[in-house]
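**Q** Take a look at the following structure, please.
The values are calculated or read from the model by the stated rules, or taken from the named source; none is laboratory data. Just so it is clear, the model here is predicted, and its values are computed rather than measured. Virtual Cβ from ideal backbone geometry, glycine too; neighbours counted across all protein chains shown.
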Amino acid sequence: MTLRKSLIRLGVTIAAGYGVVFAIPHLASLGPTAPDDSDMAQLREALAPPSRADATPPPPLPDGFPSMMFPPPEVPVEPGEPQPITVVTGRLDRWA
């Protein structure tokens, strides 16, 4: 393929891309109209979460279940030694 044909093909491709990009807003305006306010109000009512007064409180945690209400106890170590931290998968050593 010659350079001239390659440049023409590139120009046509770029022009077609610009045409599509600038045609999208025009084509979108020809589509269906946006819902009016009464439809939106009905939709908001249907999708509204239930009020907190009607919801039941979550059940309490089982005995011995770890909670984030209080931090886990620290293991006493010598100053300058790594502080082991208990995690779900075992112990993790971090510097104090």
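**Q** Does Pro25 fit the bill of being surrounded by fewer than 10 Cβ atoms within 10 Å (Cβ to Cβ) and assigned to a loop (DSSP other than H, G, I, E, B)?
**A** So Pro25 does not fit the description; no.
**Q** Given the residues Pro58, Pro72, Pro62, Pro49, which is the only one that is modelled with pLDDT of 75 or more and over 29 Å from the mean Cα position of the chain (by Cα)?
**A** Values: Pro58 fails: over 29 Å from the mean Cα position of the chain (by Cα); Pro72 fails: modelled with pLDDT of 75 or more; Pro49 fails: over 29 Å from the mean Cα position of the chain (by Cα).
Only one candidate qualifies: Pro62.
**Q** Tally the residues that are exposed (fewer than 10 other Cβ atoms within 10 Å of the Cβ) and modelled with pLDDT under 75, restricting the search to the stretch 75-90.
**A** Narrowing the stretch 75-90 to residues exposed (fewer than 10 other Cβ atoms within 10 Å of the Cβ): 76, 78-80, 87-90.
Next cut, modelled with pLDDT under 75 only: 87-90.
The number of residues fulfilling the criteria is 4.
**Q** I'm trying to understand the selection: among the residues of the stretch 28-40, which are surrounded by 10 or more Cβ atoms within 10 Å (Cβ to Cβ) and outside any loop (DSSP other than H, G, I, E, B)?
**A** Residues satisfying the conditions are Asp39, Met40.
**Q** Take the conditions assigned to a loop (DSSP other than H, G, I, E, B), modelled with pLDDT of 80 or more and out of contact with any helix residue (DSSP H, G or I) (no Cβ under 6 Å at 6 or more places or on another chain) and apply them to Leu43. Does it pass? So that I can check it myself, show each step before the final result.
**A** On the way: assigned to a loop (DSSP other than H, G, I, E, B): no; modelled with pLDDT of 80 or more: yes; out of contact with any helix residue (DSSP H, G or I) (no Cβ under 6 Å at 6 or more places or on another chain): yes.
No: the conditions fail for Leu43.
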